[in-house]
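The values are calculated or read from the model by the stated rules, or taken from the named source; none is laboratory data. Computed from a predicted structure; not experimentally measured. All Cβ positions, even for glycine, are placed from backbone atoms using ideal geometry, and neighbour counts span all protein chains on display.
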Amino acid sequence: MARHNLGTVISFEVTRTFKKKQFWLTTLLVPVILGIVIALIVISNTTTSSKVDSQKDATLRFTYSDASGRIDPTLATAFGGTVVADEAQAIADVKSGRSAAHFAYPAKPTKQATMVYGADLGIFDNGKYSSVATQLMVASAQAEIGDQTLTGLARGSFQVDAITYKDGAVSGGFLGAVAPLLFLLIFYVVIVMLGNQMLTSTLEEKESRVTEMILTTLNPTTLITGKIVSLFIIGLVQMVVFILPVLVGYLFFRTSLSLPDFDISQLIVNPGQMVVGALLLIGGFTLFMGTLVAAGAIMPTAKEASQVFGIMMALVFVPLYAASLVVSDPHALIVQLFTFFPYSAPVTAMLRNGLGSLGPVESGIVIAELFILGGIVLRLAVQLFRYGSVEYSKKVSLRTVFARSRG
Amino acid sequence: MTSALLTPLDTLDRQARPAAGSRPDAEPLVHISNFRMDFGRSTVIRDLSFDINRGETFGFLGSNGSGKTTTIRALLGIYQATAGVLHINGRPFAPEDGARLGYLPEERGLYKKESVIDVMVYFGRLKGLRKAAAVAWSHEYLERVALGDKAKVRLDKLSGGQQQKVQLGVTIMNDPELLILDEPTKGFDPVNRKLLMDIIEDQKRAGATVLMVTHQMEEVERLCDRVVLLKNGEVEAYGTVEAVQDQYGGTVVRLQYSGEIPASVHYVVTRRESTYAELTVTAPVDEALILRELMDAGVTVRGFTAGRPSLDDIFVAVYGDQNAAGADETAGE
């Protein structure tokens, strides 16, 4: 009967959520906004691209003076430049609008600034003066070297692939951190999106005065498990809806959106890190959800319960303030505190697991801590729901609940 | 609609469920023995013992705050008793055991933002019915209580009385072996109160054991086989309705009259209106002697009947000394 009822609770909770217009309005709002943003970026980038193409064809006419002697006059002419001797006059011509621009190359270009003077074309288009002046100097230097490979090397245009080792095996580096850090992303999304729903879903039984009917019809553990599972399903659906426009944008508008071509096959997946990440996610989820259910059972209204939600959110985000320390010095005292304090442990440990600084012993301790405490908190939440939620309009103290449960 | 509605599940497809009433009929369905309930330092129930036999309708009476709801919650495992035995079918109640219980709590409510049919089917499924059976039963019930056109309406769009009808439907839809009704007529108008009473009587005829908490003493007299009166956390009276009536003062004379009722050593006036009075007989005398005494004193007697005291009278006599106002029955404290 219990298993049958668990299915019934999940089905009821999921179905009634999917039937609500408000759910779909809220859920679809994110992809719609993302879609609009993507569309605007695509349109904007297309326009900019056309403008850049048209500007490519329009040659900038300028004068220049060259104290360094590095500028190749032939290249300068090809770029649209005319050499002048009277620099003050050239600047005056720019001021009066008789000349579009003037570049003054100093005697020691690596130590002194090259000055460019030009007619104002607006914040963005003014950049082309510096761009043309730089290109002319680079092209002249390349011509002087006379070897394309050498100039490429001098410019640092070559690829470096790093392979690092840890415990005799290739370590992942950034590419190895991406996969396990996905658990952290899922944790944030699930807690932020579903936490408040979890808190209010048990409050609904209380506010609707349906608790006694429920408690005499099914086991509260079944009800709460059913609610957690159904919220997880709802959260997954929301995540798919949210990710869909991102995927469409990446697959079909990558160029227009100026997104990097990320090669997924380059990612390094360490099975050990993935297992630890998954266990930290499940343990952390259990602990946070259990705590929210417990809070929902004690608080009389959603308004009062929302204060608890605020505290929980703070606990989720506080470890990020120590993120730089987590990366640079994972053994610092504050990082150790965040690693083992139950409510900051999931985020800190998942971050360290992704970065490869969470050792096996630490992993074992944090996972055990999260699962044991999560189990205790869930049992407490069931107890609070069973004995506390019949106090419909009162804020229930733990003492009162245990008085009822012990008799 | 006929009373057949109340046993329709016999003909519907029900999922496997432990057989009800598999114990000998002689064993009470509900057994409460030496029940004590403390909330911290406050004792709500001191020592309570009573049984409810299979098939009977049992009245659980007491003033506000006397601990009736607390007792029911402890019987159903919502509270844990400080001491004592509270059994249904020979063991502590647990919803997962599959006992066929119908419970209408004093605090009424269902999922208000869902449609009537969705909520009824949900509870039907939780009570072990297949979905098709739950849907069919729900529609049939809604027709009977004149809510046939409200099946797809959200519960919070219904009136309080209509919501209570739906909740009663949820309570009885698993063809309960034990029906516990806490203030069942609260919030019902007289028409719907009669409908509710008819449904309870149908359940009774179908073999259900009914435990009823109510302050409507005429309902108790009409429906209940036995009652228990709870006072100060202990049993004040327990037995058949007649036995309890006999326990409280024997005969009551109901009088239609005009004139001035004289004082007497044979009776006390327990109720007096302009042309109606009730006299509780306090001495072992024949009622005819009282009639003669009244007429000798110049009272014009238009109607004279003698009988047992009503439960209403007994309730007033038992609890009249308690300041019931402000007592919190729900908290039981």
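Modelled with pLDDT of 90 or more, on the phi < 0 side of the Ramachandran plot and surrounded by 13 or more Cβ atoms within 10 Å (Cβ to Cβ): which single residue out of B:Ala297, B:Ala317 fits that description?
The unique qualifying residue is B:Ala297.
Of all helices (runs of 4 or more DSSP H) completely enclosed by the range A:183-298, which ones contain at least 1 residues that are in contact with a Gly (Cβ under 6 Å, 6 or more places away or on another chain) and surrounded by 21 or more Cβ atoms within 10 Å (Cβ to Cβ)?
A:271-298
Against the conditions (1) within 14 Å of chain B (Cβ to nearest Cβ); (2) in contact with a strand residue (DSSP E or B) (Cβ under 8 Å, 6 or more places away or on another chain), where does A:Ile163 fall short? Just the number, please.
(1)
Just need a number here: residues in the range B:74-92 that are surrounded by 17 or more Cβ atoms within 10 Å (Cβ to Cβ) and free of Cβ contacts under 8 Å to residues at least 12 places away in the same chain.
Matching residues across the range B:74-92 total 2.
Wholly within the range A:318-388, which helices (runs of 4 or more DSSP H) include no fewer than the required count, namely at least 1 residues that are surrounded by 14 or more Cβ atoms within 10 Å (Cβ to Cβ) and charged (D, E, K, R)?
A:345-355, A:360-388
What residue, of A:Leu25, A:Leu60, is at pLDDT 80 or above, farther than 23 Å from A:Lys111 by Cβ and exposed (fewer than 11 other Cβ atoms within 10 Å of the Cβ)?
Result: A:Leu25 is the single residue among A:Leu25, A:Leu60 that is at pLDDT 80 or above, farther than 23 Å from A:Lys111 by Cβ and exposed (fewer than 11 other Cβ atoms within 10 Å of the Cβ).
What number goes with the only condition from (1) in a strand (DSSP E or B); (2) under 40 Å from the mean Cα position of the chain (by Cα) that A:His102 does not pass?
All conditions pass for A:His102, except number (2).
Is it the case, given these coordinates, that A:Ala302 is over 25 Å from the mean Cα position of the chain (by Cα), modelled with pLDDT under 80 and surrounded by 17 or more Cβ atoms within 10 Å (Cβ to Cβ)?
Against the criterion (over 25 Å from the mean Cα position of the chain (by Cα), modelled with pLDDT under 80 and surrounded by 17 or more Cβ atoms within 10 Å (Cβ to Cβ)), A:Ala302 does not qualify.
Residues are listed down the side, and each one gets a yes or a no for (1) in contact with an Asp or Glu (Cβ under 7 Å, 6 or more places away or on another chain); (2) modelled with pLDDT under 90; (3) within 25 Å of A:Thr17 (Cα to Cα):
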{"residue": "B:Gly98", "(1), (2), (3)": "no, yes, no"}
{"residue": "B:Phe123", "(1), (2), (3)": "no, no, yes"}
{"residue": "B:Ala134", "(1), (2), (3)": "no, no, yes"}
{"residue": "B:Gly161", "(1), (2), (3)": "yes, yes, no"}
{"residue": "B:Val170", "(1), (2), (3)": "no, no, yes"}
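For the range B:89-130, how many residues are more than 7 Å from chain A (Cβ to nearest Cβ) and within 16 Å of A:Asn219 (Cβ to Cβ)?
Matching residues across the range B:89-130 total 6.
Give the number of residues within the range B:197-221 that are over 23 Å from B:Arg73 (Cα atoms) and either hydrophobic (A, V, I, L, M, F, W, C) or outside the structural domain of B:Phe93 (by TED's automatic domain parsing) (or both).
Of the residues in the range B:197-221, 3 are over 23 Å from B:Arg73 (Cα atoms) and either hydrophobic (A, V, I, L, M, F, W, C) or outside the structural domain of B:Phe93 (by TED's automatic domain parsing) (or both).
Go through the residues of the range A:149-156 one by one and say whether even a single one is over 28 Å from A:Ala107 (Cβ atoms), in a loop (DSSP other than H, G, I, E, B) and at pLDDT below 85.
Taking every residue of the range A:149-156 in turn, none turns out to be over 28 Å from A:Ala107 (Cβ atoms), in a loop (DSSP other than H, G, I, E, B) and at pLDDT below 85.
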